[in-house]
Amino acid sequence: MAEQKGTLDGKVIIITGGGTGLGKSMALLLAQEGADIVVAARRVPPLEEVAAEVRQMGRRSVAIPTDCTDPAQVNQMVERTLKEMGKIDVVVNNAGLVRGARAKPMWEITDAEWREGIDVNLSSAFYCTRAVSKYFVERKSGKVVNVSSGEGFRGVRDNYMYCCAKGGVVQLTRTLAVSWAPFNIQVNCIVPGFVDTFDNQPPEYQKILEQYRMSRSTRLFLPVGHTGKPDDIGFITLFLCSDASDYITGGFFAADGGGLAGGFATTGYAPTVSLKEALA
Amino acid sequence: MTAKVFMLKDKIAIVAGESKIWTKPIVGALTAAGADVAILAKQSTKLTQAVDVARRNGRKAIAIPTDVTNPAQVQKNVNQVIGEYGRIDILVNAADIQFFQPFMDIKDTDWQKSMDYNLNSVVNFCRAAGKQMLVQKKGRIINVVSTLAERGINNGSVYCIAESGVLQLTRVLALEWALAGVTVNAIGTGWFEEGNKPADELISKYIPAKRYGKPEEIGGLVVYLAADATEFTTGQLMYVDGGLMSHA
């Protein structure tokens with residue numbers, strides 16, 4: 001595999017939240033196409049595992065423990081990447097926290113919870129992009145791949161931080177795309193629906209996530225009838241990191257099992273009304 | 001009760017198109033705000049009921065039976081309205097024929113007819129009434145569409161396409177006629193009660209408001225968009241949907 005020419009040969013790609021879930025799938029798919037991968041996230045063991053797996057594929061890979069909500073750590077991560085890898089071609093802002101999606105009445109949300117939810121799902125993307133911004137603009141090339149959510153486009157009951165932050169990612173994408181288009185920098189956004197990343201989550205969240213997976217409301221929004229898998233998102237990431245997307249910027253790429261296409265009624269609702277009845 | 005700035009006193013409104021739900025509540029809202037109306041749709045009891053509502057509100061009303069799919073007839077009957085009232089201030093396209101069949105089962109003739117009622121009729125009325133509004137250098141066009149202009153549903157191919165067609169016509173005409181004093185806006189409607197048809201229980205739960213809308217709940221927005229006060233609003237789609245489009 002390593003000898004075959006890949007579509008991302010020689011590219012250096014930073015993936016935040018790269019140790020688990022979507023990030024892990026992205027790292028391995030991108031490495032398979034020849035990219036060198038920097039994974040940055042809080043928890044070290046899964047990060048090291050992914051980096052080791054990438055190296056086994058014959059690519060360079062560095063695991064940089066980073067709290068992406070801390071601008072100083074993010075800046076250091078970018079500096080270290082430049083020093084060790086020599087350049088940066090793409091930043092994938094994947095760090096986020098679905099478990100911040102737990103619904104709560106607004107009056108029960110503390111200041112700390114609000115800030116954490118916004119920090120981890122929105123500010124982290126801003127900090128990481130800012131850290132490479134001058135470098136990308138001066139170099140007149142680069143790509144940013146953001147990860148929003150169906151919940152960035154639609155409201156979800158009592159789900160304030162996640163919806164607001166992911167909606168913020170949508171506007172961050174548009175603003176960056178417009179600002180950086182003259183510098184040959186493409187900024188696009190992935191919109192995952194319900195993707196099953198639960199096996200990679202810490203055991204203390206398994207029960208909540210299992211309820212989420214099985215809940216009626218989850219299924220009501222899934223026209224294809226099943227949740228997505230991390231690779232469903234990884235494949236779009238691959239496309240958006242590659243030269244194939246060089247003329248694409250400010251775009252939104254959903255992999256959501258049809259969730260955003262429907263929505264007028266619950267999934268599976270299929271009325272029939274003949275024209276005669278309709279005109280009666 | 002209509003706020004003073006939204007009153008439509010002595011304005012002339014056409015309410016056009018075939019619809020099971022919308023004709024009566026729209027006529028009711030316009031006339032309650034002080035407008036006189038002409039109702040153009042095929043002959044039925046709905047037409048006479050709508051005229052009764054208008055007259056109960058103390059306004060003038062005429063019903064002109066019209067094949068809305070026939071451009072020449074639409075033009076002729078719109079001219080008759082102008083002859084009667086002297087001008088047209090407001091056109092509300094209420095067309096709404098909800099035809100649902102699996103895509104592969106739809107007969108060509110049914111497809112064509114559905115498009116004629118839901119989309120082409122709106123084109124016919126915009127042409128016929130728009131001509132007069134452009135001369136007047138003033139007018140309000142309000143197109144009632146479904147939220148299905150922006151969302152898909154199983155078996156809804158014709159209806160969804162026609163509705164999004166009307167939505168795009170709204171945006172384009174708004175631009176073409178922006179300098180001519182004619183505003184063109186759309187109202188997006190979600191799930192509404194239809195006669196005595198029972199509400200679907202699962203759908204009711206699914207709507208954030210937890211219930212279907214009552215047809216008369218469209219009235220406030222119709223009057224708002226018809227009023228002089230909204231002359232700076234054009235090309236917009238506004239929803240009456242109990243929150244449906246916020247979460248779905």
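Tabulated values for the structure
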read-out	value
Separation between Cα centres of the range B:7-63 and the range A:1-56, rounded to whole Å	65 Å
Binned Cα-Cα distances of chain B, short to long, each 10 Å bin given as a whole percent	8, 33, 39, 17, 3, 0
Coarse-grained scattering of the range B:147-246 at q = 0.12 Å⁻¹, given as base-10 log I(q)/I(0) from a Debye sum over alpha-carbon atoms	-0.46
For chain A: Kirkwood Rh in Å [reciprocal of mean 1/r, alpha carbons]	19.4 Å
Mean residue ellipticity (222 nm) of chain A, computed from DSSP H runs ≥ 4 via -39,500 (n - 2.57), nearest 500	-13000 deg cm²/dmol
Cross-link pairs B:Lys9/B:Lys137; B:Lys113/B:Lys138; A:Lys24/A:Lys87; B:Lys42/B:Lys210; A:Lys276/B:Lys205 - those with Cα-Cα distance over 23 Å	B:Lys113/B:Lys138; B:Lys42/B:Lys210; A:Lys276/B:Lys205
Principal axis dimensions, largest first and in whole angstrom, of the range B:77-179 by Cα	47, 26, 16
Aspartates and glutamates with Cα under 15 Å of A:Lys140, excluding same-chain neighbours fewer than 8 positions away	A:Asp89, A:Asp243, A:Asp246
Average projection area in nm² (convex hull over Cα atoms of the range A:122-256, one quarter of hull surface)	8.9 nm²
Percent accessible area from carbon and sulfur atoms, the protein assembly as shown, protein chains only, probe 1.4 Å	55 percent
In nm, spacing of pseudo-spin labels at A:Arg130 and B:Arg87 (7 Å Cα→C-beta vector)	5.6 nm
Accessible area per residue, Å², the range A:76-156 with all protein chains present, probe 1.4 Å	49 Å²
Spin-label pair B:Ser246/B:Leu134, simplified geometry with 7 Å Cα→Cβ offset, distance in nm	4.0 nm
The range B:158-240: GluC sites (Glu not before Pro) falling in loop per DSSP and having at most 14 other Cβ within 10 Å	B:Glu194, B:Glu231
Per-residue [θ]222 nm for chain B (sum of -39500 (n - 2.57) over DSSP H runs n ≥ 4, rounded to 500)	-12000 deg cm²/dmol
Cβ-Cβ FRET estimate between A:Glu210 and A:Gln76, R0 fixed at 41 Å, reported to 0.05	0.65
Cα-based reach from A:Lys104 at 17 Å (exclusive), listing aspartates and glutamates while leaving out same-chain residues under 8 positions away	A:Glu113, A:Glu116, A:Glu151, A:Asp158
Distance cut-off 41 Å, percentage of C-alpha pairs in the protein assembly as shown lying past it	36 percent
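The values are calculated or read from the model by the stated rules, or taken from the named source; none is laboratory data. No experiment lies behind these values; they were computed from the predicted model shown. As a convention, Cβ positions derive from the backbone with ideal geometry for all residues, glycine included, and neighbour counts pool all protein chains shown. Note: accessible area is taken over every heavy atom of the protein model, side chains too, but ligands, DNA and RNA are not part of it. Shrake-Rupley method; radii C 1.70, N 1.55, O 1.52, S 1.80 Å.
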